[in-house]
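Student: Dropping the structure in here first, questions after.
What follows draws every value from the coordinates through simple rules; no lab data is involved. On a predicted model such as this, the values are computed, not experimentally measured, just so you know. All Cβ positions, even for glycine, are placed from backbone atoms using ideal geometry, and neighbour counts span all protein chains on display.
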Amino acid sequence: MRQSNLFYKTQKASNVQEMSKNAQLLTRAGFIHKLMGGAYSYMPLGFRTLNKIENLIRQYMQTVNGQEVMMPVLQPSDVWKQTGRWDKIDVLYKIHGHADKEYALSPTNEEVVTPFVTNFISSYKDLPKAVFQIQNKFRDEPRSKSGLFRCKEFRMNDLYSFHESQADLDMYYEKVAQMYMEFYTDCGIGDKTYFTYASGGAFAKYSHEFQTLTDAGEDTIYIIPGTKIAINREIIGDKCALRDIIPNYTDGIEKTFEQKRAVEVGNIFKLGTRFTAPFDANFIDNKGQSKPIIMGCYGIGPSRVMGTVAECLSDDRGLVWPAKIAPFEWHLISMAVKDDEIAVVDNIYQQLLNAQFDVLYDDRKDVRGGIKFAESDLIGIPNRIIIGKTFFNTGNVEVKDRKNGNVTQMSVNDLIRLTQQTKLR
């Protein structure tokens, strides 16, 4: 992509209407544009990043045998009334259609996925099954002031699993929990993310959240020293819960917990028969008996992950994206001014494309170098290739790491060779 053709515009100052750091940075860098509180348009840079996150999710879903489907956003009120949740979810967007029909805009998909999937399950031989989708979700959030952390319209990956036994669900649940942590590591926030015990509500004794440390977070968690495990504030005072969670629990151990602010970037629930029972979703076991299908659900918010990475990994110059979810992995910056030099850089750009480099080429002729570098810092592409005096004097490009600022000089051929070798490992 040539930067001269890119649809974007950076801003020198933060928008005073945005209260959150993630929204300020993403807006300044030309990733998002605010339509209203809790609703954003994604510009090409932002959309590329969101797609990278979602494609990474798809790769991880395959490791736990998740199969991608697509379900309607518009949902009839009947299915919500069947589970008893039509009048219990206060953030539900309700729509009145023709002939007094009532609908909801999907805030979650249990009411749709359960009859959908279980319609095709009749025997224990059909189990287990797991399906997922990545979809726009809608919640009438009263507090949409945290950028991409809490939106009225947002992206959500929801995975649902269906099992013949609690033991099978438990085993699958552990696999998904491990997979989530690996995903957050690839997003650059694994070291800040904790497997957090929370109330299971009507579903189970506990649910689990994945909480990423940030001062901008809306949740308070208590970290068990020396572990990657935390406890949500809502159950911290329950000594019975603490005894369940903490091996060799002793009275007063909670005084050693580290209290931190965090943002929830994912959650997982053992639903049991909470949703299969209302829909009479049963299967015939190997003894010919009818039994209820057991469910689990697992959610990751791709747009919230994007906001969390922006919040946590940025510095005073701008965004700092990990390579796997950056809008581009490489930022080629040309300092050439003469026509023959520009032609040389154009040729290098083509070489990089031929070598499968994911590269944004700053080919703008009328923009000073200082502005190019400042914009590159703000956008946060992880690797920068600078072609200026050093190259035209020595034949070596300067390769700069956005995160640590280290600069290495090498030929274009060596850069291509080293990069390809790294990808093969």
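Student: Cut-off is 10 Å between beta-carbons; in what order do THR193, THR83 appear when sorted fewest neighbours first?
Tutor: Arranged by neighbour count, lowest to highest, THR193, THR83 become THR83, THR193.
Student: Determine the calculated [θ] at 222 nm for the chain from helices alone, applying -39500 (n - 2.57) to every DSSP H run no shorter than 4 residues and normalising by the residue count; nearest 500 deg cm²/dmol.
Tutor: That calculation yields -9500 deg cm²/dmol at 222 nm.
Student: Tell me, what is the FRET efficiency for ASN413 and GLN11 to the nearest 0.05, using R0 = 41 angstrom and their Cβ-Cβ distance as r?
Tutor: Working from the Cβ atoms, E equals 0.60.
Student: Taking the beta-carbon count within 10 Å as an exposure proxy, list HIS163, HIS331, HIS96 from fewest neighbours to most.
Tutor: Lowest count first: HIS96, HIS163, HIS331.
Student: Separate question: Taking the 0 to 90 degree range and rounding to the nearest ten, how far is the long axis of helix 339-354 tilted relative to the main principal axis of the chain, both from C-alpha atoms?
Tutor: Approximately 30 degrees, to the nearest 10.
Student: Hey, could you get me the Stokes-Einstein D for segment 14-122, Kirkwood radius over alpha-carbon pairs, 37 °C and 0.692 mPa s, rounded to whole µm² s⁻¹?
Tutor: Diffusion coefficient, whole number: 190 µm²/s.
Student: Among rounded, prolate and oblate, which fits segment 311-381 when a ≥ b ≥ c are the square roots of the eigenvalues of its C-alpha gyration tensor, a/c under 1.5 means rounded, and a/b larger than b/c means prolate?
Tutor: oblate
Student: So what's segment 167-233 giving for Cα Rg divided by 2.2 N^0.38 Å, two decimals?
Tutor: 1.15
Student: Quick one: give the max-minus-min coordinate of the C-alpha atoms of segment 1-74 along each principal axis, largest first, in Å.
Tutor: Ordered largest first, segment 1-74 gives principal extents of 45, 33, 22 Å.
Student: So, one more: Positive end of the charge dipole of the chain (Lys, Arg +1 and Asp, Glu -1 on Cβ, about the Cα centre): tell me which of ILE371, LEU25, THR10 has its Cα farthest that way.
Tutor: Going by the Cα projections, it comes out as ILE371.
Student: Tell me which of GLN133, THR212, THR273 sits at the most positive position along the dipole axis of segment 17-313, charges placed on C-beta atoms (Lys, Arg +1; Asp, Glu -1).
Tutor: THR212
Student: Regarding segment 223-278, what is the average projected area of its C-alpha convex hull, in nm²?
Tutor: 5.5
Student: Just want the answer: with Cβ charges of +1 for Lys and Arg and -1 for Asp and Glu, which residue in SER146, VAL73, VAL176 is farthest toward the dipole's positive end in the chain?
Tutor: SER146
Student: Quickly work out the SER4-to-LYS34 label distance, labels modelled 7 Å from Cα along the C-beta direction, and quote it in nm with one decimal.
Tutor: Roughly 3.4 nm, to one decimal.
Student: How are the alpha carbon pair distances in segment 330-424 distributed across 5 Å bins from zero to the largest one, expressed in percent?
Tutor: In order of increasing distance, the bins hold 3, 13, 26, 28, 21, 8, 2, 0 percent.
Student: Something else about it: By counting other Cβ atoms within 10 Å of each Cβ, how are ARG402, ARG368, ARG28 ranked from fewest to most?
Tutor: The order, fewest Cβ neighbours first, is ARG368, ARG28, ARG402.
Student: Let me spell out the model: positive unit charges on the Cβ of Lys and Arg, negative unit charges on the Cβ of Asp and Glu, origin at the Cα centre of segment 328-389. What dipole size does that give, in debye rounded to 20?
Tutor: It comes to approximately 200 debye.
Student: If you don't mind, another one. Taking amide hydrogens as modeled 1.01 Å from N in the peptide plane, which residues meet the under 5 Å criterion relative to ASN282, leaving out close sequence neighbours?
Tutor: ILE293
Student: Just how large is the dipole of the chain about the Cα centre, in debye to the nearest 20, putting +1 at every Lys and Arg Cβ and -1 at every Asp and Glu Cβ?
Tutor: Charge dipole, the chain, about its Cα centre: 540 debye, nearest 20.
Student: I would also like to ask the following. Which net charge results for the neighbourhood of GLY84, defined as the other residues with beta-carbon distances under 11 angstrom from its beta-carbon, given Lys and Arg at +1 and Asp and Glu at -1?
Tutor: +2
Student: Between segment 194-228 and segment 152-189, how far is it from one alpha carbon centroid to the other, in angstrom?
Tutor: What the calculation gives is 15 Å, centre to centre.
Student: Which of the peptides 68-77, 221-230 is most tightly packed, and how do the rest follow, judged by the mean count of other Cβ atoms within 10 Å per residue?
Tutor: Packing proxy ranking, top to bottom: 221-230, 68-77.
Student: Looking at the square roots a ≥ b ≥ c of the eigenvalues of the Cα gyration tensor of segment 205-317, which shape do they give, rounded for a/c under 1.5, prolate if a/b is larger than b/c, or oblate?
Tutor: Taking the square roots of the gyration eigenvalues as a ≥ b ≥ c, segment 205-317 is oblate.
Student: Same structure again: Name the chymotrypsin sites (Phe, Trp or Tyr not before Pro) in segment 224-284 that are in a loop by DSSP and that have at most 15 other C-beta atoms within 10 Å, would you?
Tutor: Those that pass, being in a loop and sparsely packed, are TYR249.
Student: In addition: Using the beta-carbon distance between ASP140 and ASP401 and R0 = 51 Å, what value does 1/(1 + (r/R0)^6) give for FRET efficiency, to the nearest 0.05?
Tutor: My answer for the efficiency is 0.75.
Student: Right, next: Percentage of Cα-Cα pair distances in the chain greater than 27 Å, rounded to whole percent?
Tutor: Tail fraction, whole percent: 59.
Student: I've got another one for you. With angles folded into 0 to 90 degrees, how steeply does helix 302-313 sit against the dominant principal axis of the chain? Use alpha carbons for both and round to 10.
Tutor: Around 50 degrees separate the two axes.
Student: Quick check: the angle from helix 166-186's long axis to the longest principal axis of the chain, C-alpha only, nearest 10 degrees?
Tutor: Compared with the principal axis, the helix lies near 20 degrees.
Student: While we're on this one: Does a label point 7 Å from the Cα of GLN62, set along Cα-to-beta-carbon, have any residues of segment 166-184 with amide nitrogen under 19 Å, and which are they?
Tutor: Only 176, 179-184 pass the distance filter.
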